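J.: Before we start, here is the structure in question, set down as C-alpha cells.
Nothing in this text is a laboratory measurement; each read-out follows from the coordinates by a stated rule. All values reported here derive from a predicted model rather than from experimental measurement. Cβ atoms come from the backbone with ideal geometry, glycine included; neighbour counts cover every protein chain shown.
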Amino acid sequence: MRSGLMWATVSAAAFGLSGVLARALIDAGWSAGGAVTARVVVAAVALLPIAVIRLHGSWNLLRRNLSLLGGYGLIAVAGTQLAFFEAVAHLPVGVALLIVFASPIAVVAWLWARDRQRPTPATMIGTICGLGGLVLVVDVGSGNVAWSGVAWALAAMLGSVVYYLLSARDDGELPGIVLAAGGLVVGALVLSIAGATGVLALHGSADPARFRGFTTPWWTVVLVLGIVTTALAYVSGIAATRRLGARLASFTGLCEVAAAPLLAWALLGQPVRFLQLLGGAMILIGVAVVRSDR
C-alpha cells in the first residue's frame, strides 16, 4: 500500500506538470503540434528499449494486439495529447485539465446511450455535480470564455473516454509497459507524418522557456516533458495500479487535478478564480462519486 501510494503520487505529479511545460514551450514560439510531437517522440525513445526487453521475444503479442496498439497510439496518445496541448494554449492549465478530467462522466453517458445501462442514483448525483462544476470552471457568465480552448479541452476529454474504453477491452495479455511504449511509437509516427504532410502545424523555437522568476533552455523542457511527464508518468502509473488495484489507483489519480493548478500558479503565475476552484471541487466530488459507484 505504501509503495503503491508513492508511485501513484509520482505519476499524478508528473502528469500534472505536462500542461505547465507545454504552455511554456508554446509561449516561447512552439506550436502545440510541435510540443506534443517532441514529447511523444522522447517518451517513445525512452520506453522502447524497456518494452523490447519486457517482451522476451514474444513478437506475436504485438500482432495479436495491433488494433489495441493502433487505437491507443492514434486516439489515446496522439489525439488526446494534441487536443490537450491546444487547450492549454488558450486556457489556464488548471481549467483545461479540469474539463478533461470530467471524462468519467462522459463514459457514464456513453454507456447509457450505447448499452442502456441506466446510471444508479449515486452516479446521477455525481454526474449532475460534475456538470455543474464544469459550468463554473469554464466561467460562462464572465463573457470572456475562450471557446476554442474549451472545444479543444472537450476533444481531449473525449479522447480520454476512448482511453478508458480501450483499457476496459485489454485482457491483460499485453504487458502494461509494452502497451504504453507501443502506443507512444504509433502516436509519434502519426504526429510526425501529419507534420511532414502539412496537416499539422509542426514547428519549434530555440528561444528559452520562461517561467515565473527564471528561464531555461528549450531542450531541457522537452527532455523533462518526454522523460518525466510521459515515460515516468506511465511507468509509475502502471506500478501504482499493480500495487493498489485499478479502482484505488483511479482515485489517487485525482491528485493530478490538484497538482496542475498549483504547479501552473508556482511556475507560470496563472491564477484561478474562486468560482473556478469551487467548480473544480464539484468536478472532483462528482468524479469520485461516479468512480466509487460500481
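J.: When the chain is modelled as a GNM with alpha-carbon springs shorter than 10 Å, which of Thr37, Thr123, Thr220 fluctuates the most?
T.: Of the options given, Thr220 has the highest mean-square fluctuation.
J.: Next up: Hey, of (1) 54, 51, 42; (2) 66, 44, 36; (3) 52, 47, 41, which did the structure itself give for Cα extents along the principal axes in Å when calculated?
T.: Only one option fits the structure, namely (3).
J.: Just to be sure I understand the rule: take each whole DSSP H helix in the chain, project its Cα atoms onto its long axis, keep it if the span is 18 Å or more and its mean Kyte-Doolittle hydropathy is at least 1.6. Which ones pass? Mind dumping the intermediate values first?
T.: Values: long enough: 2-27 (39 Å, 1.00); 32-55 (33 Å, 1.92); 121-138 (26 Å, 1.92); 147-169 (33 Å, 1.16); 176-196 (30 Å, 2.25); 255-268 (19 Å, 1.78); 274-292 (27 Å, 1.85).
Membrane-span-like by this criterion, though nothing is claimed about a membrane: 32-55, 121-138, 176-196, 255-268, 274-292.
J.: I'd like the FRET efficiency for Leu277 and Trp112, computed as 1/(1 + (r/R0)^6) with the beta carbon distance as r and R0 of 41 Å, rounded to 0.05.
T.: Efficiency, from the Cβ-Cβ distance: 0.90.
J.: Calculate for the chain the 222 nm mean residue ellipticity that helices alone would give, adding -39,500 (n - 2.57) per DSSP H run of length 4 or more and normalising by residue count, nearest 500 deg cm²/dmol.
T.: It comes out at -23500 deg cm²/dmol, rounded to the nearest 500.
J.: At a Förster distance of 30 Å, what's the computed FRET efficiency of Ser3 paired with Ile50, Cβ-Cβ distance as r, to 0.05?
T.: About 0.95, to the nearest 0.05.
J.: List the residues, sorted by chain then number, that are 5 or more residues from Ala209 or on another chain and whose placed amide H is less than 5 Å from its amide H.
T.: Thr216, Trp218
J.: Top mean-square fluctuation among Ser18, Ser192, Ser67, Gaussian network model of the chain, C-alpha springs under 10 Å?
T.: Ranking Ser18, Ser192, Ser67 by mean-square fluctuation puts Ser67 first.
J.: Moving on to the next point. Would you please give the FRET efficiency between Asn60 and Met124, computed as 1/(1 + (r/R0)^6) with r the Cβ-Cβ distance and R0 = 35 Å, to the nearest 0.05?
T.: E(calc), rounded to 0.05, equals 0.20.
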